[in-house]
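The values are calculated or read from the model by the stated rules, or taken from the named source; none is laboratory data. In this text, all values refer to a predicted model and were calculated from it rather than measured experimentally. Note that we place each Cβ from the backbone using ideal geometry, even for glycine, and neighbour counts take in every protein chain shown. Side chains are part of the model used for accessible areas, which takes the heavy atoms of the whole protein and leaves out ligands, DNA and RNA. Shrake-Rupley method; radii C 1.70, N 1.55, O 1.52, S 1.80 Å.
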Amino acid sequence: MNWSDVLGAGALVPLFTAALRLAVPIILAAAGACLAERSGLMNLGIEGQMMVGAIIAFVTVYYTEQPMLGAATGAAAGLVLAAIVGYLTITMAVDQIITGISVVILGTGLASFLYLQVFGMTGTPPRIQGTIPLDLPVLSDLPVLGPIVFSQSPLVYLALALVVALWWVLTRTAFGLSIRAAGESPEAADSVGVSVPRTRWSTLLISGAAAGMAGALVIDSLGFFQDGITGGRGWIALGVVILARWNPLGAIVGGFMFGLVDAFQLRVQAASGGQATSVPYELFQAMPYAVTLLAVIATTVWFSRSNSPKALGIPFVPAK
């Protein structure tokens, strides 16, 4: 294998460009999960919400040829699945871990079912045309940064703008203060007039919509749908929440780390012969997940005091 094809001067810009594109779905899903967890609610159903968002977005774009509309319908689909989580965990006080895993199974199965109902068993899988990368005047021509940052899909910029907006809501608004209060001390928040259930409902629906749109971003990048298309990115997003210390802006760093390793392993795999190489290609595919796991462990050990909300995962029942 020629390493200059992977890490050479001419390969680094395409590597970082692909890394950002691969990272954005995880960044958006993790930022939404940060909001939900800061209110004290674990949205473990992100993987299922991404899968449903992906299939709904794919069907929408296939029939309308409007990727932006696909992103909107994907977000709506994720929101609907999040509403199921909300009813069970907030209204009925069902265990959040069991509910989240159940919703992942539901979303994954529902996505496969919908695909078969719409397209059936076809010899040639249907494809869609995703958004065309922007060519921003002057900025796209900048050396190094131009092609990496300023030649991405419009959905990439929209997703990153939403991440910044979620950070601003969490840290700079009265609603954000209510979110943090609901996650740290729901009883104290309730005593001063904050509706903890309403706050948690709001953050959960936002998280579901972000996950659904993240699934649409995966589809927009690949141009096709298949079972397991999200590749466990919903679970990775939950790990990125810990790396980010429950800060939406921190999710950008953690998500980009995954995207960079993912882009790196794809290039290593291609340069070494793809599936024809003597090294099992599954080892290459496992690299981003292994690195993320190690990073989560290192973060947990490095920060001996957990930064997680004190009421995370604990149901709240308002006093009568």
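Once you put a point 7 Å from the Cα of residue 270 and another 7 Å from the Cα of residue 294, both along the Cβ direction, what distance in nm separates them?
Placing both labels 7 Å beyond Cα along the Cβ direction yields 2.4 nm.
Please work out whether the range 1-130 counts as rounded, prolate or oblate from its C-alpha gyration tensor, where a ≥ b ≥ c are the square roots of the eigenvalues and a/c under 1.5 means rounded, while otherwise a/b larger than b/c means prolate and anything else oblate?
Oblate.
So what's the angle, to the nearest 10 degrees on a 0 to 90 scale, between helix 281-302 and the longest Cα principal axis of the chain?
Roughly 40 degrees between the two axes.
Of the accessible area of the range 125-266, with the probe set at 1.4 angstrom, what percent is carbon plus sulfur?
About 70 percent, which is the carbon plus sulfur part of the accessible surface.
Take every Cα pair under 8 Å in the chain that's 6+ residues apart, average their separations, divide by the length, and report that relative contact order as a whole percent.
Taking the mean separation of contacting Cα pairs over the length of the chain, I get 36 percent.
At a 10 angstrom cut-off on C-beta neighbours, averaged per residue, how do the peptides 296-303, 235-242 rank from highest to lowest?
Ranking, from highest mean packing down: 235-242, 296-303.
With every protein chain present, what is the per residue accessible area of the range 15-169 (1.4 Å probe, Å²)?
43
Under the Karplus relation 6.51 cos²θ - 1.76 cosθ + 1.60, θ = phi - 60°, what is the ordered set of whole-Hz ³J(HN,Hα) values for the range 208-218, x standing for Gly and Pro?
Coupling constants for the range 208-218: x, 5, 5, 5, x, 5, 4, x, 5, 5, 4 Hz.
Give me the percent of accessible area attributable to carbon and sulfur for the range 23-62, probe 1.4 angstrom.
Roughly 60 percent, rounded to a whole number.
For the range 23-64, rounded, prolate or oblate, judged on the Cα gyration tensor with a ≥ b ≥ c (square roots of eigenvalues), a/c < 1.5 rounded, else prolate if a/b > b/c?
In terms of gyration-tensor shape, prolate.
Show me, for the range 15-25, the HN-Hα J-couplings you get by feeding each phi into the Karplus relation (A = 6.51, B = -1.76, C = 1.60, θ = phi - 60°), rounded to Hz, glycine and proline as x.
Those phi angles translate into 5, 6, 5, 5, 4, 5, 4, 6, 7, 4, x Hz.
What is the range 213-277 by shape, rounded, prolate or oblate, if you read a ≥ b ≥ c off the alpha carbon gyration tensor as root eigenvalues and call it rounded for a/c under 1.5, prolate for a/b larger than b/c, and oblate otherwise?
Since a/c reaches 1.5 but b/c is at least a/b, the shape of the range 213-277 is classed as oblate.
Which distance in nm do the two modelled labels at residue 161 and residue 122 give, with both placed 7 Å along the Cα-to-Cβ direction?
3.2
Could you order 132, 206, 314, 179 by accessible surface area, starting with the largest, using a probe radius of 1.4 Å?
If we order 132, 206, 314, 179 from most to least accessible, we get 132, 314, 206, 179.
Please list 3J(HN,Hα) in residue order for the range 197-206, calculated via the Karplus relation 6.51 cos²θ - 1.76 cosθ + 1.60 where θ = phi - 60°; whole Hz, with x for glycine and proline.
So the J values, rounded to whole Hz, are x, 5, 4, 5, 4, 4, 5, 5, 5, 4.
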